[in-house]
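A.B. asks: Got a structure for you, questions after.
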Amino acid sequence: MGTDELRATTRRIVKAACPHDCPDTCAMEIAVENGRAVAVRGGDMPFTAGTLCTKVSRYLERTYHPDRVLHPLRRVGRKGEGRFARISWDEALAEIAARFAEIAVEDPQQILPCSYAGTMGLVQYASMDRRFFHRLGASLLDRTLCSSAGKVGLRITLGATVGMDPERCADSRLVIVWGSNPIVSNLHFWSRVAEAKRRGGRVVVIDPYRTLSAEKASEHVAPLPGTDAALALGMMHVIIGENLIDADYVTRHTLGFDALAERVRAYPPGEVAAICGLGAETVVRLAREYATTKPAAIRLNYGMQRHAGGGMAVRTIACLPALVGAWRDAAGGVALSTGDWYALDHGTLERPDLVRGRPRTINQSALGEALTAARPPVKAIYVYNNNPVAVCPDSRKVIAGFAREDLFTVVHDLFLTDTADYADIVLPATTSLEHWDVHKSYGHLYVLANAPAIAPLGEAKPNSEVFRLLAARLGFDEPCFRDSDEDLCRQALASDHPRMRGIDWETLKGRGWMRLAVPERFAPFAEGGFPTPSGKCEFHSETAREMGYDPLPAYTPPRESPSTPSPLRERYPLAFLSPPARHFLNSSFANLGFALQDEGEPHLDIHPEDARPRGIADGDLVRVFNDRGEFRARARVGPRTRPQVVVAPSVWWKKLSPDGRNANEVTSQALADMGGAATFYDCLVDVARA
């Protein structure tokens, strides 16, 4: 038998899913030969269409990277130095269990889980870990870094984090991409947008930054950061004032139109244009085009809700489709997240009934404050799926917390991240190629299975297994702590909801993916039926009033704005944005050679009007600073950003940055109006040559 024939007999293909924090949640196929993964390609799920982004297509470089943590480690140097010695799993588990037990006797709330979206699979993201910390009585973590403001705003207006099917945007005649750069962060949606444009549709990108997506759009509208709600209210002023509404849809399927009409009278195009830094004619033209083009889709993303009025901004924009009847067509409406279309059994997975007492909740967006000032103090923190030293706002406070010698820190990760350098114990984690999982998406309507393609490398273990082992060490004898990962996958899918019809674990893992039981042309609100208390799109919301918010759409200015006179603006006159760098995914991939090579070095986009008076030329090393801190970057002088706004694509690992810092040196722990969300993009700085 020849070599090629032998290889053919030993190759197998394993169905998998991309685990990362991206709305595409791509289907993957892993080719395995003799126990080693040798190729990764896109699966045949219709939304993925057989392609992967450049990062995930090179996933084997991450899986087999020589810097992977493959054994448990104990710190031997000072916190932050990143010096460790190898220990056994038995030693690591014994020390963690002993420290947790000791702290729990005094007050289990002094233990904090600190996880986020390093993996989005339901088993490794939120199952056995939640059970463990609930049973322990640990503090609860409010995971607010990315999307919580927008989700609350959407729920107030539409009743849930639901919307149109993004897959249908290829049929839209107008696509407004608002606060999003899908070429970087939603690639397979962008392919639908590009198809709509090829068919003669128009694509408008609304973003203060001229992103790659904005460059390829029909039109780029660049408002000042944090003014999106004002722009939407100005559009409504024109739409209602010129009687461009769908009167039948408004009458039958909305609540509070008269009150909304009165509210938007206060937002004429001229005043809105002044707020947004646009021309009044732009506001009028955008409103008319949106109201008269059928079908019209709005793709929101989380960038435009990371400021003081972020939740209300999403709520306000989400009113637009009902006003013009865009929901009548499957290719019309608004999409922020499809997450609540899935009727998965999160309660059984997470077991909130195991919670003992009434533990406090700590907001992840204010982690630095919690680690330095909470009472009772946080005495132990367990970090997984997360790199908070790199990604949380106000880095100096975060680092001050992790540098505490009295804080017992466990980090479970693939690599020695910025956060792992402060750990007392580091545990080796698996990649998605090495464990079971089940996935939903926030950007399409498919459920996916992830099967392990290879055995865990070294002594790596998945999150779920480590929490099973710790539960046993602490004597937790509830049967749920003995559920296997496949048991957890089955439990997640055990739903009798009509949209989950026919989706069971055995079928799913055989096929790799299954679409929710909804029509191919899914127009969820063509005849109303919103999951709000009234069953209508709520322009006026009693739910909002009960939550302490304005019951009508409104505009909340940013706290830190270059257009609002204040003593702060006198010192720091530039709005600062830190959107995702193309070759990183938050801080994931940001340590891999190909990503670092492609990204180059930290850089700052600055408009010539702002660079010239500061004596900054293209290519200069600059210092970006405010009262919270500073970092350095290479200036790119040009029209990528508008005047008064500077942009630093992120998030760099601190220890891989030339100055050991990143953009979160200058961001704030101040919270958005809704959902306790982070306000990364509500930030003023100044820039000087370094």
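The values are calculated or read from the model by the stated rules, or taken from the named source; none is laboratory data. Everything quoted here is computed from the prediction, not taken from an experiment. Methodologically, a virtual Cβ is constructed for each residue, glycine included, from the backbone with ideal geometry; neighbour enumeration extends over all protein chains shown. Side chains included, ligands, DNA and RNA excluded: accessible areas come from the protein's heavy atoms. Shrake-Rupley method; radii C 1.70, N 1.55, O 1.52, S 1.80 Å.
A.B. asks: Within region 32-73, restricting attention to residues that are in contact with a Ser or Thr (Cβ under 6 Å, 6 or more places away or on another chain) and either touching a residue at least 40 places away in the same chain (Cβ under 8 Å) or among the polar types (S, T, N, Q) (or both), which residue is least open to solvent (accessible area, probe 1.4 Å)? Even if it seems obvious, please write down each step before you answer.
C.D. replies: Applying the first criterion (in contact with a Ser or Thr (Cβ under 6 Å, 6 or more places away or on another chain)) to region 32-73 yields 33-34, 42, 63.
Still in the list and also either touching a residue at least 40 places away in the same chain (Cβ under 8 Å) or among the polar types (S, T, N, Q) (or both): 34, 63.
Working: 34: 131, 63: 1 Å².
Within region 32-73, the match that is least open to solvent (accessible area, probe 1.4 Å) is 63.
A.B. asks: For residue 315, which of the numbered conditions (1) on the phi > 0 side of the Ramachandran plot; (2) in contact with a Ser or Thr (Cβ under 8 Å, 6 or more places away or on another chain) fails to hold?
C.D. replies: (1)
A.B. asks: Next up: Search region 563-597 for residues being under 30 Å from residue 265 (Cα atoms) and modelled with pLDDT under 95, and hand back the single one that is most open to solvent (accessible area, probe 1.4 Å). Lay out the reasoning, then the answer.
C.D. replies: At the first step, the residues of region 563-597 found to be under 30 Å from residue 265 (Cα atoms) are 563-566, 569, 575.
Subset that is modelled with pLDDT under 95: 563-566.
On the way: 563: 53, 564: 63, 565: 100, 566: 42 Å².
That would be 565.
A.B. asks: Scan (1) more than 30 Å from residue 548 (Cα to Cα); (2) in a loop (DSSP other than H, G, I, E, B) for the single condition residue 655 breaks and write down its number.
C.D. replies: (2)
A.B. asks: Can you tell me which of 242, 262 is open to solvent by 20 Å² or more (accessible area, probe 1.4 Å), more than 30 Å from residue 664 (Cα to Cα) and in contact with a Lys or Arg (Cβ under 8 Å, 6 or more places away or on another chain)? Let's see the steps before the verdict.
C.D. replies: On the way: 262 fails: in contact with a Lys or Arg (Cβ under 8 Å, 6 or more places away or on another chain).
Result: 242 is the single residue among 242, 262 that is open to solvent by 20 Å² or more (accessible area, probe 1.4 Å), more than 30 Å from residue 664 (Cα to Cα) and in contact with a Lys or Arg (Cβ under 8 Å, 6 or more places away or on another chain).
A.B. asks: Oh, and also: Only residues that are surrounded by 22 or more Cβ atoms within 10 Å (Cβ to Cβ) and small (Gly, Ala, Ser): list them for region 461-491, please.
C.D. replies: Selection gives 464 alone.
A.B. asks: Continuing with this model, one more query. Being open to solvent by 40 Å² or more (accessible area, probe 1.4 Å) and not acidic (Asp, Glu) is the filter here, so list the residues in region 348-375 that pass it. Talk me through it step by step, then tell me what you get.
C.D. replies: At the first step, the residues of region 348-375 found to be open to solvent by 40 Å² or more (accessible area, probe 1.4 Å) are 348, 350-353, 355-358, 360-361, 369, 372-373, 375.
Within region 348-375, 348, 351, 352, 355, 356, 357, 358, 360, 361, 372, 373, 375 meet the criteria.
A.B. asks: Considering (1) in contact (Cβ under 8 Å) with a residue 60 or more places away in the chain; (2) on the phi < 0 side of the Ramachandran plot; (3) open to solvent by 30 Å² or more (accessible area, probe 1.4 Å); (4) not in a strand (DSSP E or B), say which one residue 119 fails and leave the rest.
C.D. replies: For residue 119, the exception is condition (3).
A.B. asks: Let me ask you something else. Only one residue in 195, 215 is out of contact with any Ser or Thr (no Cβ under 9 Å at 6 or more places or on another chain), of a type in the set (D, E, K, R), assigned to a helix (DSSP H, G or I) and touching a residue at least 24 places away in the same chain (Cβ under 8 Å). Which one? Working first, answer last.
C.D. replies: Numbers: 215 fails: touching a residue at least 24 places away in the same chain (Cβ under 8 Å).
Of 195, 215, the one residue that is out of contact with any Ser or Thr (no Cβ under 9 Å at 6 or more places or on another chain), of a type in the set (D, E, K, R), assigned to a helix (DSSP H, G or I) and touching a residue at least 24 places away in the same chain (Cβ under 8 Å) is 195.
A.B. asks: What is the number of the single condition among (1) surrounded by fewer than 15 Cβ atoms within 10 Å (Cβ to Cβ); (2) over 19 Å from residue 385 (Cα atoms) that residue 15 does not meet?
C.D. replies: Just one mismatch for residue 15, condition (1).
A.B. asks: Another one. Given the structure, is residue 213 closer than 30 Å to residue 647 by Cα and open to solvent by 20 Å² or more (accessible area, probe 1.4 Å)?
C.D. replies: Details: closer than 30 Å to residue 647 by Cα: yes; open to solvent by 20 Å² or more (accessible area, probe 1.4 Å): no.
Criteria not met by residue 213.
A.B. asks: Taking the criterion of being in a loop (DSSP other than H, G, I, E, B), in contact (Cβ under 8 Å) with a residue 12 or more places away in the chain and open to solvent by less than 30 Å² (accessible area, probe 1.4 Å), would at least one residue in region 86-107 satisfy it? Explain how you work it out, then say what you get.
C.D. replies: At the first step, the residues of region 86-107 found to be in a loop (DSSP other than H, G, I, E, B) are 87-88, 107.
Cutting the leftovers down to in contact (Cβ under 8 Å) with a residue 12 or more places away in the chain gives us 87-88, 107.
Now narrow it down to the ones that are open to solvent by less than 30 Å² (accessible area, probe 1.4 Å): 87.
So far as region 86-107 goes, yes, one or more of its residues are in a loop (DSSP other than H, G, I, E, B), in contact (Cβ under 8 Å) with a residue 12 or more places away in the chain and open to solvent by less than 30 Å² (accessible area, probe 1.4 Å).
Yes/no per residue for (1) buried (at least 18 other Cβ atoms within 10 Å of the Cβ); (2) in a loop (DSSP other than H, G, I, E, B):
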position: 428; (1), (2): yes, no
position: 433; (1), (2): yes, no
position: 443; (1), (2): yes, yes
position: 453; (1), (2): yes, yes
position: 456; (1), (2): yes, yes
position: 496; (1), (2): no, yes
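A.B. asks: Enumerate the pairs (first residue in region 232-255 and free of Cβ contacts under 8 Å to residues at least 60 places away in the same chain and over 21 Å from residue 531 (Cβ atoms); second residue anywhere and part of a loop (DSSP other than H, G, I, E, B) and open to solvent by 50 Å² or more (accessible area, probe 1.4 Å)) with beta-carbon separation below 8 Å, excluding pairs fewer than 6 apart on the same chain, so at least 6 apart or on different chains.
C.D. replies: Once the first residue is free of Cβ contacts under 8 Å to residues at least 60 places away in the same chain and over 21 Å from residue 531 (Cβ atoms) and sits in region 232-255, its partners that are part of a loop (DSSP other than H, G, I, E, B) and open to solvent by 50 Å² or more (accessible area, probe 1.4 Å) give 237/265.
A.B. asks: Out of region 192-231, which residues are within 24 Å of residue 557 (Cα to Cα) and over 23 Å from the mean Cα position of the chain (by Cα)?
C.D. replies: 220, 221, 230, 231
A.B. asks: Among the numbered criteria (1) among the small types (Gly, Ala, Ser); (2) closer than 30 Å to residue 645 by Cα; (3) part of a helix (DSSP H, G or I), which one does residue 266 miss?
C.D. replies: With (1) among the small types (Gly, Ala, Ser); (2) closer than 30 Å to residue 645 by Cα; (3) part of a helix (DSSP H, G or I) applied to residue 266, the lone miss is (3).
A.B. asks: Continuing with the same structure: Where in region 500-616 are there helices (runs of 4 or more DSSP H), lying fully within it, with 2 or more residues that are touching a His at 6+ places or on another chain (Cβ under 6 Å) and either of a type in the set (Gly, Ala, Ser) or within 30 Å of residue 226 (Cβ to Cβ) (or both)?
C.D. replies: Values: elements: 505-511, 542-546, 567-571, 593-599, 608-611.
Correct list: 593-599.
A.B. asks: Also: All but one of (1) in contact with a strand residue (DSSP E or B) (Cβ under 7 Å, 6 or more places away or on another chain); (2) within 23 Å of residue 561 (Cβ to Cβ); (3) in contact (Cβ under 8 Å) with a residue 40 or more places away in the chain hold for residue 621; which doesn't?
C.D. replies: With respect to (1) in contact with a strand residue (DSSP E or B) (Cβ under 7 Å, 6 or more places away or on another chain); (2) within 23 Å of residue 561 (Cβ to Cβ); (3) in contact (Cβ under 8 Å) with a residue 40 or more places away in the chain, residue 621 is out only on (2).
A.B. asks: Please state which of the following conditions residue 417 fails to meet, knowing it meets all the rest: (1) outside any helix (DSSP H, G or I); (2) open to solvent by 10 Å² or more (accessible area, probe 1.4 Å).
C.D. replies: That leaves (2) as the condition not met.
A.B. asks: If I ask for residues that are outside any loop (DSSP other than H, G, I, E, B), closer than 27 Å to residue 440 by Cα and not basic (Lys, Arg), which ones from region 38-78 would you list? Steps first, answer last, please.
C.D. replies: Filtering region 38-78 for residues outside any loop (DSSP other than H, G, I, E, B) gives 38-42, 56-63, 73-75.
Cutting the leftovers down to closer than 27 Å to residue 440 by Cα gives us 38-42, 56-63.
Passing the criteria: 38, 39, 40, 42, 56, 57, 59, 60, 61, 63.
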